[in-house]
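Colleague: Dropping the structure in here first, questions after.
The values are calculated or read from the model by the stated rules, or taken from the named source; none is laboratory data. Remember, predicted model here, so these are calculated numbers, not experimental data. Here the Cβ positions follow ideal geometry from the backbone for every residue, glycine too, while neighbour counts run over all protein chains shown. Calculation scope for accessible area: heavy atoms of the full protein, side chains included, ligands and nucleic acids excluded. Shrake-Rupley method; radii C 1.70, N 1.55, O 1.52, S 1.80 Å.
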Amino acid sequence: MEPPRVTFPHMGDYWIGFKALAEELDCEVVVPPKMTARTLEIGTRHSPEFVCVPFKYNLGNFIEAIEMGANTIVQAVGGCRFGYYGEVQAAILNDLGYDVRFVRFDAGRSVLGVIRDFRDKMCPQLSLRRVKDAFVLARRKGAAIDAVQDFLRKNLGFQVGDGDMENIEVRFLSRLEAAATLRDIDALRDETLAEMNAVPLVRPDHQLRVGVVGEIYLLMEPFSNCDVERQLSLRGVEVHRHLTMTAMIQHSIEGYRHVDDLIARSGGWVRHHIGAHGTESVSMTHEFMEDGFDGVVHLKPFGCMPEVNAMAIMQKMSRERTFPILFLSYDSQTAEAGVRTRIEAFCDMLEMRKGGVVRV
Ligand code: SF4
């Protein structure tokens, strides 16, 4: 049997953490190429038409990685349709004639359960301790990405120089890939945040604050959402998002306590868990509203039931509280120009509401 050459689907810059995890466990890694229109075109061509769009992106990633030599695919599964992604993708790849091993592990378990499942399926010869250490290193890389990108979302729209923060981010990501210890990762994160803090900013008098909520894949993979957060930043908006990889891991440690907490914090807008991250979308929108934000952008893959459920409640919230919410629905036909136009119109409306001057 050939030695495993492992690949996984892209989700933002978290590939750096996934790659570190696999390498720590002595696996050869094939990182799928950067997402492009080709990724989506390949994924769409071989996917069932009405499946949600993250499935199509994942499948495109897998086929591109197989073309680069990958022979083992690692895919998480969870609640909603995500539960059968791995099963269906394995069947499709098999029908296409690709000879690959598909390793599925249940992301809905406790963290220790996930680590144990991963060890048993990927590297049963290694001790649980070693696998746990590899997860800790990967998680710390993910947390460093979240800290730096959270700063970017909140400040990028106000930098005076062109591209200063983006250049710092590019350098950070390439150095993060090479960072080998927890101490190196923490030092790099702190150094990067200090560098970004030193970039001169000018904030307008009528500064807008917008929260972004929605389905987790769209939230975390900028290519799939047509770079919504950056587009908001370019319009001079301070962008906030609660759902990150760090938050997601923390939620799986808390288990059902997290869902109960979300319901308790939703101001009565939601009484039962509505699946995947739908409850989160409602609860976070309520918090953004209470915190005096100017609006919320909601990202939903076409046909995603948990977010369709959330949307119905959020429309009521928007109506009853006169709170602006922009609903964006994505499928494989969604064009970047269309999303950009809607973001521009939304920001203009928010600026007029706030009494500011609309940019032209
Ligand atoms: S949350 Fe929605 S888009 Fe994501 S896998 Fe589930 S059904 Fe599909």
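Colleague: Of all residues in the stretch 244-259, which are among the hydrophobic types (A, V, I, L, M, F, W, C) and under 19 Å from ILE16 (Cβ atoms)?
Modeller: Passing the criteria: MET245, ALA247, MET248, ILE249.
Colleague: Kindly indicate whether ALA198 is at pLDDT 95 or above and open to solvent by 10 Å² or more (accessible area, probe 1.4 Å).
Modeller: yes
Colleague: Of (1) in a helix (DSSP H, G or I); (2) touching a Gly at 6+ places or on another chain (Cβ under 8 Å); (3) closer than 22 Å to ASP120 by Cα, GLU87 satisfies all except one. Which?
Modeller: So GLU87 meets the others, but not (2).
Colleague: With respect to GLU307, is the statement that it is within 16 Å of the ligand (Cβ to nearest atom), among the acidic types (Asp, Glu) and either open to solvent by less than 10 Å² (accessible area, probe 1.4 Å) or without any contact (Cβ under 8 Å) to a residue 40 or more places away in the chain (or both) true?
Modeller: Spelling it out, GLU307 is indeed within 16 Å of the ligand (Cβ to nearest atom), among the acidic types (Asp, Glu) and either open to solvent by less than 10 Å² (accessible area, probe 1.4 Å) or without any contact (Cβ under 8 Å) to a residue 40 or more places away in the chain (or both).
Colleague: Taking the stretch 67-89 on its own, how many of its residues are more than 16 Å from the ligand (Cβ to nearest atom) and either surrounded by fewer than 16 Cβ atoms within 10 Å (Cβ to Cβ) or more than 23 Å from ALA138 (Cβ to Cβ) (or both)?
Modeller: 3
Colleague: Okay, next question. State the number of residues belonging to the stretch 279-298 that are closer than 26 Å to THR341 by Cα and within 16 Å of the ligand (Cβ to nearest atom).
Modeller: Qualifying residue count, the stretch 279-298: 4.
Colleague: Another one. Which numbered condition trips up ILE145, out of (1) of a type in the set (Val, Ile, Thr); (2) at pLDDT 90 or above; (3) surrounded by fewer than 19 Cβ atoms within 10 Å (Cβ to Cβ)?
Modeller: Among (1) of a type in the set (Val, Ile, Thr); (2) at pLDDT 90 or above; (3) surrounded by fewer than 19 Cβ atoms within 10 Å (Cβ to Cβ), the lone unmet condition for ILE145 is (3).
Colleague: Give just the number: which of (1) within 15 Å of the ligand (Cβ to nearest atom); (2) surrounded by fewer than 22 Cβ atoms within 10 Å (Cβ to Cβ); (3) closer than 19 Å to MET248 by Cβ does PRO301 not satisfy?
Modeller: All conditions pass for PRO301, except number (2).
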